[in-house]
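Novice: Before we start, here is the structure in question, set down as structure tokens.
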Amino acid sequence: MKTDRKTKQTIYKEVIVKAPSRRPWDVGDWRSALRMADYGKPKQLYDLYDDMLIDGVLYDAVDKRKKAVLNTPLIFVDGKGREVDYMSELMDTTQWEDLITWLLDARFYGRSGVEIEVDRNGLIVHHLPPKHIDLATESIILDISDQDKKVSYAGDSSITVIGKPRDYGLLLQAMPYAIYKRGGFGDWSQWLELFGMPQRVGKYNTYDPASKRLLETALEEAGSAPYVVVPKDTEIEIRDSSQTSGTSFNEFRQACNEEILITILGQTLTTISGEKGARSLGDVHKVVEEDKNKADIRFVQRILNSRVLPLFEARGVPGVAG
């Protein structure tokens with residue numbers, strides 16, 4: 001069921017934004033969410049994205065690409081090549097920064113949407129969450145629990161939606177590694193609880209059961225390190241588990257981080273140091289990252305010129321016409 005957009009002033013006030021699902025995820029959930037997204041229900045997939053962005057490495061990699069665009073000087077000129085003061089003031093606001101940030105979400109989520117208002121107070125930008133955007137029907141889902149309750153954004157000059165059907169952004173490729181990494185940390189933590197502390201061996205006289213109970217009580221109260229209680233005439237072999245020191249868990253964590261960085265940034269050495277720490281390799285990786293930054297800048301510039309500029313011109317923003 002679609003609502004007639006012409007009778008509405010703003011759509012963001014009608015969108016019911018709910019908190020994403022926070023629960024343990026596995027790779028099976030990722031594949032299931034992807035299949036649901038292919039059938040036009042991307043909610044679970046975008047909930048997975050939002051929850052996994054808690055990962056510091058993944059969040060920082062995404063933020064790094066956004067910051068590269070936000071830190072790039074942007075100038076608006078009129079038809080004669082002169083800088084427009086009003087637009088310069090407008091671009092020097094937090095609302096403009098929000099606009100650029102949300103437009104860049106299309107790179108990572110596969111879609112993004114904003115509703116823009118321009119009035120006497122300047123620029124006001126409202127975010128339309130990716131899971132509420134239905135690209136197939138060109139509409140905004142007002143309530144994610146009721147997929148049929150939609151509002152068409154087609155022909156609405158105040159709404160800018162970017163994305164292509166079946167494109168779920170770079171986060172789709174990064175999700176398995178973030179999931180594996182989170183599970184790996186849990187396994188590593190369990191390993192430390194079992195083997196990270198030295199084991200204690202208490203021996204008691206076989207013919208004195210009371211000493212066994214006293215020994216168990218003493219070891220239990222002496223701390224949380226694991227212990228074993230055996231008769232004195234019993235042989236027990238305790239293998240030193242500290243020889244591995246959990247290196248396989250750390251190597252697995254590093255591998256997941258590297259895959260995440262390669263997916264988002266195209267390389268690793270501008271974020272983490274390599275084993276050799278070669279400056280020449282770092283320079284090569286920096287060139288790869290800068291190529292992605294340039295592509296992001298061109299992407300935003302084209303969206304601003306083709307989608308946002310007509311909106312400003314239609315609303316009579318000074319210095320924009322022509």
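The values are calculated or read from the model by the stated rules, or taken from the named source; none is laboratory data. In this text, all values refer to a predicted model and were calculated from it rather than measured experimentally. Here the Cβ is made from the backbone with ideal geometry for all residues, glycine too, and neighbour counts use every protein chain on show. In case anyone asks, the SASA skips ligands and DNA or RNA and just uses the protein heavy atoms, side chains included. Shrake-Rupley method; radii C 1.70, N 1.55, O 1.52, S 1.80 Å.
Novice: What is the residue count in segment 147-164 for residues that are assigned to a loop (DSSP other than H, G, I, E, B) and over 19 Å from Ala314 (Cβ atoms)?
Specialist: Summing the residues that are assigned to a loop (DSSP other than H, G, I, E, B) and over 19 Å from Ala314 (Cβ atoms) in segment 147-164 gives 1.
Novice: With the condition kept exactly as written, say whether any residue in segment 181-194 is over 30 Å from Phe249 (Cβ atoms), modelled with pLDDT of 90 or more, in contact with a helix residue (DSSP H, G or I) (Cβ under 9 Å, 6 or more places away or on another chain) and not hydroxyl-bearing (Ser, Thr, Tyr).
Specialist: Checked segment 181-194: no residue is over 30 Å from Phe249 (Cβ atoms), modelled with pLDDT of 90 or more, in contact with a helix residue (DSSP H, G or I) (Cβ under 9 Å, 6 or more places away or on another chain) and not hydroxyl-bearing (Ser, Thr, Tyr).
Novice: Same structure, new question: Among the residues of segment 286-322, write down those that are of a type in the set (Gly, Ala, Ser) and in a helix (DSSP H, G or I).
Specialist: Ala295, Ser306, Ala314
Novice: Of (1) within 20 Å of Leu48 (Cα to Cα); (2) of a type in the set (Gly, Ala, Ser); (3) modelled with pLDDT of 90 or more, Ser152 satisfies all except one. Which?
Specialist: Going through the list (1) within 20 Å of Leu48 (Cα to Cα); (2) of a type in the set (Gly, Ala, Ser); (3) modelled with pLDDT of 90 or more, Ser152 breaks only (1).
Novice: Restricting the search to segment 165-177, which residues are hydrophobic (A, V, I, L, M, F, W, C) and either open to solvent by less than 40 Å² (accessible area, probe 1.4 Å) or closer than 30 Å to Phe312 by Cα (or both)?
Specialist: Leu171, Leu172, Ala174, Met175, listed by residue number.
Novice: If you don't mind, another one. Among the numbered criteria (1) under 18 Å from the mean Cα position of the chain (by Cα); (2) part of a strand (DSSP E or B), which one does Asp167 miss?
Specialist: (2)
Novice: Quick check on segment 128-146. Is at least one of its residues open to solvent by 60 Å² or more (accessible area, probe 1.4 Å), assigned to a strand (DSSP E or B) and modelled with pLDDT under 90?
Specialist: Scanning segment 128-146 turns up at least one residue that is open to solvent by 60 Å² or more (accessible area, probe 1.4 Å), assigned to a strand (DSSP E or B) and modelled with pLDDT under 90.
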